Each structure stands twice: as C-alpha cells, then as structure tokens.
Amino acid sequence: MAGLSGTDGSAAEENACPFARKAAEFDPFDAPYQADPAEALRWSRAQLPVFFSEKLGYWIVSRYEDIKAVFRDNILYSPCIALEKITPAPPEAMEVLKSYGYQLNRTMVNEDEPAHMERRRVLMDHFLPENLEAKQDMVRQLTREKMDGFIDSGRVDLVDALLYEVPLNVALHFLGVPEDEIAVFKTFSVAHSVNTWGRPTDEQQIAVAHSVGQFWQYAGRIIERMKQEPDGTGWMHETIRKNAQMPEVVTDSYVHSMMMAIIVAAHETTSLASANMFKTLLSHRQAWEDICNDPSLIPNAVEECLRYSGSIVAWRRQVTAPTRLGGAELPEGAKLLIVQASGNQDERHFEDGDRFDIYRDNAVDHLTFGYGSHQCMGKNIGRMEMRIFLEEFSRRLPHLSLSEQTFSYVPSTSFRGPEELWVEWDPAHNPERLDPGASRGERHFPVGPPLRRDIARKVRVASVRREAEDVIGLTLVDARGRALPNWSAGAHIELSTGEFDRKYSLCGQPGKGGYDLAILREANGRGGSAHIHATIEEGMELRLRGPHNLFRLDERAERHILVAGGIGITPIIAMADRLKALGKSYQVHYCGRSRRAMAFLERLERDHGSCLSIHAGDEGQRADLGQIVNGLPSGGQIYVCGPERLIAAVEQLTAHLPDGSFHFEFFAGGSTGLDPAREKAFEVDLADSGLRLNVAADETLLDAILAAGIDVACDCREGLCGSCEVAVLEGAVDHRDMVLSRGERAQNARMMSCCSRAQNGGKLKLAL
Ligand code: FES
C-alpha cells in the first residue's frame, strides 16, 4: 500500500490494515473532513501521522510537531505549490484562463528563498504592531456603524451583516486599494478560493476560470489606477513604490500576483475566522458569558477560537529532497497537505486538545497563522479585528444566541467558515436601551499576542492536608463548579497567588474532578512555597494556568524506570498510576532524606508495592543509580524528577544510551532574575528577518525577540520547558537551561531564549 510507512511503533504495524484502509479512503472533500478536519484525522494523529492520500495525490501530515517541522524548514519543504490548483483544470478551463492573460505567479506565500525573505524584509514595516495600533479606531468605528444598523432588529446573518464587509473594508484600507467596487470582490474571492483549494466539476471549472480571469484583469486595472497616485497610503501603494525603486526585488509579476492574492488573503481569512469564532463561542455558552463578564479574557479567547476552529485548516508544501517525516519516507517532489486544524488539537502539544477552553494558556501556539518565516504577515490585523468584534458584541449584545440553522461551507481543503451565521437576541434587553451609558467604556487591547498574565482560570481550594514533613497536599476544584480540563501523567499547572507564580505537577487521578498537588515548603526557596504554606486554607480562591505536559510518558516503551527525588515524586506517582493502568512493566525508585519527609509512601506501597524501592537516606538506603541504570533493558526508558544533582547524575550514567532513553523534569526552577551588574549586553542577528537586536544586560533574549514583533512560544521562562528554543547559526552560547543535554549544548545548534545568552557579551546569529 503506497505510503504506509508512517506507523507509530510496532503495535500500529501489527494493526496496519485498518489504517491502510483509512489512508486509502481518505478524501479531504468528503463530509467528515469538510465538517471537522481535526476529528476526521484523529485516527491519523494516533496511528499514522504522515500518510499518502491516493485520492488527492498528496501526503497528509496531521501531528503538531511534524507540521511545525515542515513550516520551520522552507528549503526542504518548499512553499512553491501553496497556490497551485489542487483540482487540476480541464484544458478548456486552462484556455479560458489563458484568454484573460492569467499568470498568477509568485506571491509572498508561495515564494522560495532567497527571494521570499528579501521581499518580506522590504515590505514588512506596515505589519509591525506599532504601525497597526493606529488602525484600531478605524476598525472599531466600522464595527459600530454596522452594528448600529441592525442592533434593534433582533435577528441577523452575521456574515452578511458585518463579518464579510468589515474585514474587507479594513483590508482595502490597509492595502490602500480603492473601495468603490466592493460588490465585485465577493464573487472574485470565492472564485479564487474554489479555483485554488476547491473541487469544482469540469463544468464549474469553466465558470470559475472566467471569474478568476476577470479578477486577474481587475487586479491589473487597480494597479494602474494606484500608480496614478504616487503618494497614496497603504501597503499596496508601498509595494508599487518599491517596485519602481527596486524592480529586481519587487518585480512586476510579483506586484500583479500579490494584488490578486492579498485582496483575498487579507479579508477572507479574517471573515471566516470571525464567523467560526462567534459560532464556537455562542455554542459554548459558559465561555461566552465569561468574556461578557470579564473582557480581559477576550484576547486569549480569540487565540483559542483560532486554535479550535481556525479559518486556515491546511496548507501545502513540496519536498525538495528525499526525507523522513513522522515515520514516513518522503520522496523528492512529494506534495504535502499539512493540516493545521489537526495539529491544533494534537494532545501531544495541547492537553485535552479537543476541548474548547478559553483559559488555555498555550492557545497562542496554534498553527492557524502558520509558523516560521512564512508565518502570516497579517496575523496581528486579524487578531485586532476579532478582538474588537468580540469586545463590541459582548458589551452591546451579551444576550446574543445562535439561531436554529444548518451550516454550509464552501468545499475546500484549506479555508473553512460558515457561509451564513444566523444569530438572534431580544432588542428590548439591549444593555444600551436599559442603560444608555453601557455603549461606552470599551477596552483597548494592545496589538500582538495576548498577555499571559490575563490568562488564568479561577479555582477553589477544596481541601488542604499534610502529606509529609513540610509537604502539604491540596485539592483544587473549579471555582464555579465546572469540570476542569483533563490532563495526562507528567502534566503540571501554574498557581498564581499573591505576587508568586509557581508550577506544580499534578499527582492525582486524571479525569477524577479536582486537581491534586503536593507542595514542599522550601526553606531556601524564593518565597512562593512558604507563602502558600502560610496562607492557604480551604475555600480560598486562586488563579491557575494550565495544565501543560512537558514531561510526557512515552507509553510505547517496553519498560520504564521512574526515579523520584523528594517532592519530585509528584509527576512520578501519576506516571506509575498510568503505567499500572496500561499493564506495563515499570519500577519506581523513590529517594528522600527520611521517610518522615517523603510524601505518598502509604499510597505508593498500596498501589505500587511490588514495583517500588524506597531509598531513605537516614536509613542508609541510598539509591545505587549505576545499578538502577544498568537494570534498564534495551528499549526501556528512564524518567527522573528531583533536584538538579540527581538529574545530572542520571544524565551522566545514561550518556551511552540511545537518544530518547532518558527524560527528566527539574522541579525547582532557578532564579529567573538577571543581575545587570553581572550580565553583559550582547548583539543578535536574526538571519530570516534581517533584524539586528541589542539585548540589554537586564533583558532576556526572548523579550528582545518578542519586542521586535517576532512570535516565539514560551511557557516557563525559566529554562525548564524547551518551548522558547531557537536555532543558532553562529556564536558561542552560555547555556543556562535545564532542557538540553550536555551533547546538545556541545553542538551549539539550539538555545533556550528565555534564559541563555551569548558567551561573554559576544555576538549570536539565529535562524529566525
Ligand atoms: Fe521554557 Fe524558555 S520558556 S525553556
């Protein structure tokens, strides 16, 4: 069976037939993918993450990390096919296109290097957050005017009434394109989308080709008109001027192709994403009510909507040299459909990934805008519009609800959003009728990704108990009695209390309602654990972020050895529970200074007695780590959580084992504070963005990169999680993280931007 090489381990291979059949049957134009692409590829994420679809002629990529890897490397995975017709046209349709002189060529999205980055650098300025701030008032004004037109009607199709036209007007304003022919855009946009990502019949291909040809000529006429205004404002005017100044970089063909593509890209994506957002929020009523009551949740709610139901569900790349991805061997020339909608719900990256959760604090990691140097340039315009829509609607129409309806979608591999979205409300209950002052007091959200401090769910302390000397156990439940998100063994949450944000592993039973934690009071810590021990009591409300899992159990391994030092038992006990439930072979080694100070002994002995070894220092039972490591059979994995010296010792002992045999989590973060008296400023060149950054002595590299408008994921900001990793091209790094192994540090190819720096104030060059 073609392409059945991407299996996920031996278990999958044994059962290859069902997945081979699913791969052979997969067609993105079938109802399941069109209705819910993430759900349609659930089986693939679990078992066959990269497979060949004979019906489409593309390899399908469904897991988060694989999709990110493809986006990250635009040399090996060329974007050149991003705008190719996914359904080839019959010769008659090609003749029609030719008759209009249609020659859509390279644009920002399908351009290879080095031309792509050269142009992107030249044309990026208008998209920077500081240059978009001034557009907020215009977006709000347009939104308000549209709402004023229907606010007393009680029922409306939101797409028709606002969500199509406002993004289109904003796009035309941003581009500087004349707004006098708005009516023609919808026909042209739909034709371009169907032509590129749809499956028109041969008959429809002719009609679509006529529309696309007319759109092509129309784009050409707009360019000629705009050239008559050499001082015109807007991004396309700037592009036309750059075309005159540097025609070898911004070519004529590029300007014409870009004009056509950007008109669609700039508004269609936001219109569809906004329709998806309202549909999702209004069908998750608690989330809608939460943002009505607390608008500070809006920026993250927008990211979660983009993750859960974004408008760009898949994109395309072509392999330029034979390679291996997700277990599959890809030949040169292989075409890939990378399904962001599937990656966005991948449990390997998003805990409880198919749950809609506006409190998810890594929602911004979604792939809807793409990733890397081809990431959507207009992402911050789209975010801004969606936030303003939500802010206005949640304030002026909090009683909005979805009408009974059946949703229809234009068939497409890549774009998704309902064609109509009927909503209703009782105008008699409009807040501004009841209180005329209610229409004022809007919020201003800065352009850019959401602020992490605003993202937290409220929990209540259901119980506090003593687990061991200086260790308390807590059970936390949702403050409003809702179900908390599910989690997997190894996951942690972050508690926010007083001035402290602290991470703790979850140690109860996943799916059993509340979250159980155990917290050691650290005498020489930074004060967070002492504060919790001193102040915590039952009934208290706290803020919580997560859960996240950065210490994930590889359940495919033959055998697991789990080693805990002190309070490091918390993720280890959850892993032991999971392995027992799976019927796996495992051994738990629990090290501590004294049984008095070791939490969960009774439970461990009860539930894992036959697999448990206790190493209490005051009983002279110190763990022989060498012997423990030597007991690991081939194909086994070892997981360690505890103090730094324990992790370092096991890391050294496992240095000879194959990659992926050793996993660790460091449970006490070092200080994140920089001491400017001892730190040195340094310079960084970002090769892909063409930027030079000066990182001050009191600033982290991560903060300098984010300030330059480049999104880099981050979670812990303490060198623990690995999410802020950046690729190093040149320069010596002072590694300060707890993520990279010694071997990886020696290679000097990656660094954690939240904590690591250039050695001795030297210079670095990064692939960003
Ligand atoms: Fe976690 Fe940098 S943000 S290692």
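Would you work out if segment 127-282 is rounded, prolate or oblate? Take a ≥ b ≥ c from the square roots of the eigenvalues of the alpha-carbon gyration tensor; rounded if a/c is under 1.5, else prolate when a/b is larger than b/c, oblate otherwise.
Oblate, because a/c is 1.5 or more while a/b does not exceed b/c.
Once you put a point 7 Å from the Cα of ALA462 and another 7 Å from the Cα of LYS763, both along the Cβ direction, what distance in nm separates them?
Here the answer is 5.8 nm between the modelled labels.
If a/c stays under 1.5 just call it rounded; otherwise compare a/b with b/c (prolate if a/b is bigger, oblate if not). Do that for segment 302-352, with a ≥ b ≥ c from the square roots of the Cα gyration tensor eigenvalues.
oblate
How big is D for segment 693-768, in µm² s⁻¹ as a whole number, if Stokes-Einstein is applied with the Kirkwood radius of its Cα pairs at 37 °C and 0.692 mPa s?
268 µm²/s
By how many nm would the segment from MET540 to ASP698 lengthen if fully extended, with 0.36 nm per residue of separation less the alpha-carbon distance?
53.3 nm
Quick one: what are the phi-derived ³J(HN,Hα) couplings along segment 161-166, Karplus 6.51/-1.76/1.60 with θ = phi - 60°, whole Hz, x for glycine and proline?
7, 7, 6, 8, 6, 5
VAL712 to ASN131: FRET efficiency via 1/(1 + (r/R0)^6), r the Cβ-Cβ distance, R0 25 Å, to the nearest 0.05?
0.75
If I model a spin label as a point 7 Å beyond the Cα along the Cα-Cβ vector, how far apart are those points for SER634 and ARG155 in nm?
7.1 nm
Go ahead and estimate [θ] at 222 nm for the chain from helices alone: -39,500 (n - 2.57) per DSSP H run with n ≥ 4, summed, over the residue count, rounded to 500.
Mean residue ellipticity, 222 nm, calculated: -10500 deg cm²/dmol.
With Rg and the Kirkwood Rh both taken from Cα atoms, where does Rg over Rh land for the chain?
0.98
Do any of LYS146/LYS242; LYS279/LYS335; LYS458/LYS580; LYS55/LYS98; LYS227/LYS379 go past 30 Å between their Cα atoms, and which?
Distance filter (> 30 Å) returns LYS146/LYS242; LYS279/LYS335; LYS458/LYS580.
So for each of 293-301, 529-537 I average, over its residues, the number of other beta carbons within 10 Å; can you give me the resulting order with the highest mean first?
293-301, 529-537
How big is Rg to Rh over segment 317-455, alpha-carbon atoms, Rh as the Kirkwood inverse-mean-distance radius?
With Rh from the inverse mean 1/r over Cα pairs, Rg/Rh is 1.06.
Which of rounded, prolate, oblate describes segment 225-292, given a ≥ b ≥ c as roots of the alpha-carbon gyration tensor eigenvalues and a/c under 1.5 marking rounded, otherwise prolate only if a/b is larger than b/c?
prolate
Going by how many other beta carbons lie within 10 Å of each one, how would you line up GLU133, GLU605, fewest first?
So the residues, fewest neighbours to most, are GLU605, GLU133.
With labels modelled as points extended 7 Å from the Cα through the Cβ direction, what inter-label distance (nm, one decimal) is found for GLN375 paired with GLU404?
So the two model labels end up 4.5 nm from each other.
Below 8 Å between Cα atoms, with a sequence gap of 6+, how large is the relative contact order for segment 395-497 in percent?
So the answer I get is 17 percent.
Identify all aspartates and glutamates with a Cα-Cα distance to LYS135 below 12 Å; exclude those on the same chain that are fewer than 8 residues away in sequence.
By straight Cα distance, LYS135 reaches GLU385.
Name the long-range amide H neighbours of LEU729: under 5 Å, sequence gap of 5 or more, or other chain; modelled H, no Pro or chain starts.
Amide H neighbours of LEU729, under 5 Å, 5+ apart: LYS765, LEU766, ALA767.
What size of dipole, in debye to the nearest 20, comes out for the chain about its Cα centre when the only charges are +1 on Lys and Arg C-beta atoms and -1 on Asp and Glu C-beta atoms?
Result for the chain is approximately 1220 debye, rounded to the nearest 20.
Taking amide H positions as placed 1.01 Å from N in the peptide plane, with prolines and chain starts having none, which residues 5 or more places from ILE60, or on another chain, fall under 5 Å of its amide H?
PHE51, PHE52, SER53, LEU337
Apply 1/(1 + (r/R0)^6) to the Cβ-Cβ distance of ARG324 and ARG199, taking R0 = 30 Å, and write down the FRET efficiency to the nearest 0.05.
Efficiency computed from Cβ-Cβ geometry: 0.50.
If R0 is 56 Å, what FRET efficiency do you get for GLU229 and ASP294 from their C-beta distance, rounded to 0.05?
In this case the efficiency is close to 0.80.
Take peptides 403-415, 166-178 and line them up by average Cβ neighbours within 10 Å, highest first, as a rough protection proxy.
My ranking of the peptides, most packed first, is 166-178, 403-415.
How many Å³ per residue does the convex hull of the Cα positions in segment 251-405 occupy?
It is 148 Å³ per residue.
May I ask you to derive the relative contact order of the chain, considering only C-alpha pairs under 8 Å and at least 6 residues apart, and to give it as an integer percent?
It comes to 11 percent, rounded to a whole number.
Which percent of Cα pairs goes in each bin when the distances of segment 76-163 are cut into 5 angstrom slices starting at zero?
Histogramming segment 76-163 at 5 Å steps yields 3, 9, 11, 10, 10, 11, 15, 14, 11, 5, 1 percent.
For segment 455-460, just list the computed ³J(HN,Hα) in residue order, Karplus coefficients 6.51, -1.76 and 1.60, θ = phi - 60°, integers in Hz, with x standing in for Gly and Pro.
9, 6, 9, 8, 10, 10
Give me the percent of DSSP beta bridges within the chain that run antiparallel, rounded to the nearest 5.
65 percent
Tell me which residues come under 5 Å, amide H to amide H, from GLU420 once H is placed; ignore anything under 5 positions away on its chain.
Placed amide hydrogens put SER408 under 5 Å from GLU420.
Expressed as a rounded percentage, what relative contact order does segment 538-618 have, with Cα pairs under 8 Å and six or more residues apart?
Relative contact order, segment 538-618: 28 percent.
For segment 237-242, take each phi angle, set θ = phi - 60°, evaluate the Karplus expression 6.51 cos²θ - 1.76 cosθ + 1.60, and give the result in whole Hz per residue in order, putting x for glycine and proline.
Calculated HN-Hα couplings, in order: 4, 4, 4, 5, 5, 5 Hz.
Per residue, how big is the convex hull of segment 371-437 when only Cα atoms are used? Give it in Å³.
In segment 371-437, the Cα convex hull volume per residue is 111 Å³.
Any read-out appearing in this document is the output of simple, stated calculations on the displayed coordinates, not a laboratory observation. All values reported here derive from a predicted model rather than from experimental measurement. All Cβ positions, even for glycine, are placed from backbone atoms using ideal geometry, and neighbour counts span all protein chains on display.
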